[in-house]
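Data first, discussion second: the structure below is written as structure tokens.
The values are calculated or read from the model by the stated rules, or taken from the named source; none is laboratory data. Just so it is clear, the structure is predicted and the values come from calculations on it, not from any experiment. Ideal geometry is used to build each Cβ from the backbone, glycine not excepted, and the neighbour counts take in all protein chains shown.
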Amino acid sequence: MSSSRDDFTIAIRSALLQRGARQKFSLFFLICLSLLIFFLETFEFKFMKNFRSLLNDGIYRVSSLASSPKDFVFYLNDKIKYHIFIYSENKTLKEELEKLRSKDFQLKFLTTQNKYLKDFLTSSEDIGNETILAKVLLDKDSPFLKSILVNRGSQSGIKKGMPVVDGNYLVGRVVEVNYLSSRILLLNDLNSRIPVSIEKSASQAIITGYGEKEPKLEYLPELFDAENGKTVFTSGKDGIFPEGLPIGKVIEKEKGVFVKLFSDPNQLSFVSILTPDNSGDGF
Amino acid sequence: MALSLSKKIFNFLIQSGPIIILYFLSISEVDTQFSNIYKILSFNFQIIIIYYWMLREPGSIGNGHIFFAGLINDLVMALPLGTSAISYLTVSFVASYIRNMAVNMTLFTDWFTFLIAIFFSNSIYLFLISNFSKFQYDYISILYNAFFTFMFFPIFWVIFGNYRKLMRHN
């Protein structure tokens, strides 16, 4: 009995304190160091914030560089696929074009619709804020966090909380600002909550991420008619986001009312960060 | 006869393979999340690497590298600094303990004891995150991640076994 306890103690001690020929630190020392770093950051010591910001800028650049082979493989894959399918795609497009030409009324309808969409785009373009274009450095998928890293930081005037759009569509907000880079929390992240209003009825709700591609609408009015296809806009009630930024379309499912985002959070290459207008009124 | 420079570089790369993969996975955009193939499919490759190599060839992957890879992973994933490092070092600790205690190691003993490593690693990770940070986590996703990490271990056990043979020949 005491012999097995001795073995157990010796094995634990050996695992924690013994160092191999090439190892400079014992496991025990490194665990203590990790805990120290963790608690220093958790209790928000100021020097840790600066230290992390400094490390972030360096690591994100290296990270972007290390990801370049993967990006190149994906780029090559897309190009090959594009070349393989270009012939059939071209044929299909020609057939479609022929059909459109043969139907005058359909063409007229499309022209009207096109004009409407153009008007819509023109009005949406005028968001009323200055924007900063940023390139997505890192889009590492995780079951825990849905966020991206961009190549603009406090040097470019980025501040925490600024809304981020892809074209005219809201994709998230800035949650971490470093000198040369920032982290954007996407709408489908578990920690994302944004007040929205829904087309026509102007019903108010909160769009909540839960890790999946389509975020959920919560706190809807009791008699809300979840008609599929209704557009969801930012309500601006939080004072952070400008009102009227389109987000997505309503889809009703068994588990609740969800939003199909206009901008696919997994396909972002460039995003625009909205800065407050110069009037000093913020968003 | 002295080895040529290219041979030396090749040997170095082969011997440092586990460390290179560990750092690469921590720092790059490459991940082991396959939700586009199957919604719940994701696993933690770093834990598999650490456990296998600390158990079988501790000289090829040191605790210092595990610590730094953990810190880098925390920076890239925006986790509180030190969380992954503690989690990885826990796996390393279980592996070292098993190595000291076990007499005969087979795939099944490694696989079974890996479950203990995953359990302790995830428990400490969740304890730290849920008690000392503002992050919200989907516990079911973490459970699936742990399950697939456990299930994929034998595949990598075989692959790494062959890689060790290659290391010995160089």
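Pairs linking a residue in region A:205-218 that is closer than 16 Å to A:Asp238 by Cα to a residue that is assigned to a strand (DSSP E or B) and of a type in the set (Asp, Glu), with Cβ atoms under 6 Å and 6 or more positions apart or on different chains, are A:Ile206/A:Glu218; A:Thr208/A:Glu218. A single member of A:Ile31, A:Ile86, A:Ile37, A:Ile127 is at pLDDT 85 or above and more than 8 Å from every other protein chain (Cβ to nearest Cβ), and it is A:Ile86. Here A:Gln23 passes the criteria (1) within 7 Å of chain B (Cβ to nearest Cβ); (2) modelled with pLDDT of 80 or more; (3) under 21 Å from B:Ile66 (Cα atoms) except the one numbered (2). Can you spot a residue in region B:30-51 that is part of a helix (DSSP H, G or I), over 19 Å from B:Ser123 (Cβ atoms) and at the interface with chain A (Cβ under 10 Å from one of its Cβ atoms)? No, every residue in region B:30-51 fails to be part of a helix (DSSP H, G or I), over 19 Å from B:Ser123 (Cβ atoms) and at the interface with chain A (Cβ under 10 Å from one of its Cβ atoms). Scanning region A:200-237 for residues that are among the small types (Gly, Ala, Ser) and modelled with pLDDT under 80 returns A:Ser201, A:Ala202, A:Gly211, A:Ala226. Among the residues of region B:28-40, just one is crowded, with 16+ Cβ neighbours inside 10 Å and at pLDDT 75 or above, namely B:Ser28. Scanning region B:55-75 for residues that are surrounded by fewer than 24 Cβ atoms within 10 Å (Cβ to Cβ) and within 7 Å of chain A (Cβ to nearest Cβ), which turns out farthest from A:Asp7 (Cα to Cα)? Among them, the one singled out is B:Leu75. Screening region B:104-150 for residues that are more than 13 Å from chain A (Cβ to nearest Cβ) and among the polar types (S, T, N, Q) and picking the one that is farthest from A:Leu16 (Cα to Cα) gives B:Thr106.
Yes or no, residue by residue, for (1) within 13 Å of chain B (Cβ to nearest Cβ); (2) under 21 Å from the mean Cα position of the chain (by Cα); (3) crowded, with 20+ Cβ neighbours inside 10 Å; (4) not in a loop (DSSP other than H, G, I, E, B):
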| residue | (1), (2), (3), (4) |
| --- | --- |
| A:Asn191 | yes, yes, no, no |
| A:Ile194 | no, yes, yes, yes |
| A:Glu214 | yes, yes, no, no |
| A:Leu220 | no, no, no, no |
| A:Leu223 | no, no, no, no |
| A:Ala226 | no, no, no, no |
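Among the residues of region B:80-103, are any away from chain A (no Cβ under 11 Å) and either over 14 Å from the mean Cα position of the chain (by Cα) or without any contact (Cβ under 8 Å) to a residue 40 or more places away in the chain (or both)? Yes, region B:80-103 has at least one match.
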